[in-house]
Amino acid sequence: MYRRLRHIYPLLLMWCFCNVSTKVWGQESLYLYEGEIQSFSMDEVVDRSYNWTLYAGYSMISTASSSDEAKFLGSSKLSVASCMFMKQGKYVLRIDTEEAGCLNSRITMVQVIVNDMNLGFTVSDREACSTSFEDEVPLLIPIKKHIEPKSTHFKSYYPLRVKVRMSDSGSEVRTQEILVEHDATELVIKFPKSDFETDHEYVVDILGVTTQNGLPVAVDASKRRATFLVKKRPRAGKITIVE
């Protein structure tokens, strides 16, 4: 009896799956980017066994290949499983539990989308006035970013980590990492204040961008560099008391 049920149960599970459209027992598909790692869990119960299976495609016919599609990171026999999804496509994650000779299963759908996240400057040059009241000069350079909003973990990708390099007349000034929140429209870069007597032209290059969880964010080559002119402070002259 046990062996018969073991063969029949996947067929019943497939029938249920094919009749629920894009939802499984009230759960919508999980959207992830290529390269993401996601953990899944079930309640841990003593004397209960767990077996996770990843299928490539919603048909649940073939399991995902660990070489280039998706794979488990660590054991697939525990109540918690971590999966890495490397390739665009649709996947089904199935968990089979067994306790006292009885079986139960659950499935969840995962849709992996192309990582087309990108960020870049929207202007190639900006200007600011030098000031003697601050140790550093904040320079604001407008940016435009694209993060796929339908991803389930949309907000969790922030803050983005933007690494920039600044140079002054060909010599490097400093490299810094800037955190960019989801509602940011500018990069706030701080430069050492100038000598105030001459104009300083700084070149800002975006070296790389990653999400909070380490996914790469592309930077268009044409939007990677911006020039910022910090203009000299005009001479105030001497105040003369008029009699």
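Per-structure values
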{"quantity": "Residue check, residue 111 more than 12 Å from residue 53 (Cα to Cα), surrounded by 17 or more Cβ atoms within 10 Å (Cβ to Cβ) and not charged (D, E, K, R)", "calculated": "yes"}
{"quantity": "Any hit, segment 139-151, residues being under 30 Å from residue 201 (Cβ atoms) and either loosely packed, with under 12 Cβ neighbours inside 10 Å or at pLDDT below 75 (or both)", "calculated": "yes"}
{"quantity": "Filter result for residue 58 (of a type in the set (Phe, Trp, Tyr), in the same structural domain as residue 107 (by TED's automatic domain parsing) and modelled with pLDDT under 90)", "calculated": "yes"}
{"quantity": "Output for segment 45-77, where each listed residue is touching a residue at least 24 places away in the same chain (Cβ under 8 Å), surrounded by 13 or more Cβ atoms within 10 Å (Cβ to Cβ) and of a type in the set (Lys, Arg)", "calculated": "48"}
{"quantity": "Residue in segment 120-127 that is within 30 Å of residue 81 (Cα to Cα), at pLDDT 75 or above, among the hydroxyl-bearing types (Ser, Thr, Tyr) and exposed (fewer than 12 other Cβ atoms within 10 Å of the Cβ) present", "calculated": "no"}
{"quantity": "Hits in segment 68-99 - residues which are acidic (Asp, Glu) and either touching a helix residue (DSSP H, G or I) at 6+ places or on another chain (Cβ under 8 Å) or assigned to a strand (DSSP E or B) (or both)", "calculated": "96, 98, 99"}
{"quantity": "Selection count, segment 204-234, where residues are without any contact (Cβ under 8 Å) to a residue 40 or more places away in the chain and farther than 17 Å from residue 128 by Cβ", "calculated": "2"}
{"quantity": "Hits in segment 64-85 - residues which are closer than 15 Å to residue 35 by Cα and modelled with pLDDT of 90 or more", "calculated": "70, 71, 72, 73, 82, 83, 84, 85"}
{"quantity": "Residue check, residue 204 assigned by TED's automatic domain parsing to the domain that holds residue 158, assigned to a strand (DSSP E or B), modelled with pLDDT of 80 or more and within 17 Å of the chain's Cα centre (by Cα)", "calculated": "no"}
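The values are calculated or read from the model by the stated rules, or taken from the named source; none is laboratory data. All of these numbers come straight from a predicted model, not from anything done at the bench. Cβ atoms come from the backbone with ideal geometry, glycine included; neighbour counts cover every protein chain shown.
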